[in-house]
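Structure first, commentary second.
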Amino acid sequence: MPPYRLENRLVVGLASSALFDLEESDGVFREKGEEGYRVYQRANLDNTLSPGVAFSFIRRLLSLNDLNPEDDPLVEVIILSRNDPDTGLRVMRSIKAHGLPISRAVFTQGRAPYKFMRALHMSLFLSADENDVREAVASGLPAGRVLGSAVADDPEDRELRIAFDFDGVLAGDESERVFQRNGLAEFRAHETMNVATPHDAGPLRDFLREINKLQRREEERRRENEDYTIRVHVSIVTARNAPTHERAMTSLNNWGVTVNDAFFLGGIDKSSIMDVLRPHIFFDDQEAHLKGTSRMTPSVHIPFGVVNQDESAQPPSE
């Protein structure tokens with residue numbers, strides 16, 4: 001039998017802390033240590049874990065595999081966990097109980113699991129472990145830390161709505177550095193002067209590219225069947241506004257990626273948009289923005305760029 005290949009699929013790495021609510025389990029680990037944690041997980045082996053921050057996003061992402069033959073899925077989700085294989089049994093049983101088609105896992109007994117991302121062709125790694133995520137991003141890998149707790153989800157809603165910030169997420173932080181160093185006026189002048197020059201790619205540019213492939217597959221299905229309803233919807237929600245919005249669009253076009261809609265907010269609180277847009281996941285590089293969104297929106301911090309290197313840096317107003 002030939003090996004199962006990952007190169008042509010969207011592969012997401014997922015820590016159990018992103019998929020499930022592990023607050024109680026983490027408390028046991030902190031209080032009783034590794035052996036007490038192992039005893040606890042064995043005793044609760046058949047006690048199904050509750051959904052966590054990324055659960056609804058992952059469930060919907062995996063549902064898109066119905067666009068391809070069963071033996072050739074478009075999306076592969078692989079558990080990347082600091083659990084050892086023994087304590088990881090509860091994670092895998094909970095996955096089965098929730099009916100998620102996840103069969104592959106890596107359990108590393110306390111070692112950083114993100115180091116296997118390149119070997120497994122992953123476009124994204126989600127975890128609640130801040131150190132793992134920061135180390136992954138510092139190594140040039142696309143990783144994010146889930147924030148907050150699971151939000152209410154409508155199982156009848158088949159859409160998958162994904163929202164991205166722009167700078168420090170889809171794009172690099174070149175312009176953010178200008179803003180932090182020289183202020184808003186210089187930032188605007190820099191973006192206007194460089195309007196025809198695309199930004200360097202940020203940590204999640206290639207993830208968006210993979211999402212676009214799923215969207216193109218949906219368009220193919222709709223051409224085959226006019227009754228098919230498009231499920232994937234992608235937005236950018238950014239603090240940029242005119243005239244700096246134009247370079248963002250130049251970059252998207254140059255990269256060959258697309259979004260369905262864009263919100264150029266010019267400093268308006270992003271959480272007000274999230275309350276209406278209701279994305280199943282939102283990626284931003286600034287925790288200040290995510291404090292508001294994470295109350296109602298599954299939110300992910302991308303610890304990339306200058307604003308995450310200098311704790312005294314102020315969030316941009318542009």
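The values are calculated or read from the model by the stated rules, or taken from the named source; none is laboratory data. Note that this is a predicted model, so its numbers are computed, not measured. Counting neighbours? That spans all protein chains shown, and the Cβs are built from the backbone with ideal geometry, glycine included. Protein only, heavy atoms only, side chains kept; ligands, DNA and RNA dropped before computing areas. Shrake-Rupley method; radii C 1.70, N 1.55, O 1.52, S 1.80 Å.
Taking Lys and Arg as +1 and Asp and Glu as -1, the other residues whose beta-carbon sits under 15 Å from that of PRO101 total +1.
Assuming charge only on the beta carbon of Lys and Arg (+1) and of Asp and Glu (-1), the dipole of the chain about its Cα centre is about 500 debye to the nearest 20.
The distance linking the range 33-103 with the range 222-242 is 28 Å (Cα centroid to Cα centroid, whole angstrom). Counting other C-beta atoms within 10 Å, and keeping those with at most 16, which DSSP coil trypsin sites (Lys or Arg not before Pro) do you find in the range 201-300? Loop-located and lightly packed - ARG295.
Give the label of the value calculated from the structure for Cα extents along the principal axes in Å, choosing from (i) 56, 42, 37; (ii) 61, 52, 38; (iii) 53, 44, 42. Here the calculated entry is (ii). Site-free segments of the chain were taken between chymotrypsin sites (Phe, Trp or Tyr not before Pro) in DSSP loops having at most 14 other Cβ atoms within 10 Å, sites themselves excluded; the longest one is 5-227.
For the range 55-140, the list of GluC sites (Glu not before Pro) that fall in a loop by DSSP and count at most 15 other C-beta atoms within 10 angstrom reads GLU70. Accessible area per residue for the range 217-280 is 50 Å², calculated with a 1.4 Å probe on protein heavy atoms, without ligands, DNA or RNA. As a fraction of the 1.4 Å probe accessible area of the range 57-208, surface on carbon and sulfur atoms comes out at 49 percent. As a calculated quantity, the FRET efficiency between GLU220 and ALA119 at R0 = 41 Å, using C-beta atoms, amounts to about 0.85. Considering only PRO279, PRO243, PRO298, the Gaussian network model of the chain with Cα springs below 10 Å gives its largest mean-square fluctuation to PRO243. Solvent exposure of the range 57-126 amounts to 44 Å² per residue of accessible area, where only protein heavy atoms count and the probe is 1.4 Å. In loop segments of the range 1-98 as defined by DSSP, the trypsin sites (Lys or Arg not before Pro) with at most 14 further C-beta atoms inside 10 Å of their C-beta are ARG5. For the range 291-300, the Karplus equation 6.51 cos²θ - 1.76 cosθ + 1.60, evaluated at θ = phi - 60°, returns couplings of 4, x, 6, 5, 5, 10, 10, x, 10, 9 Hz by residue, with Gly and Pro reported as x. Volume per residue for the range 1-135 equals 115 cubic angstrom (convex hull of Cα atoms).
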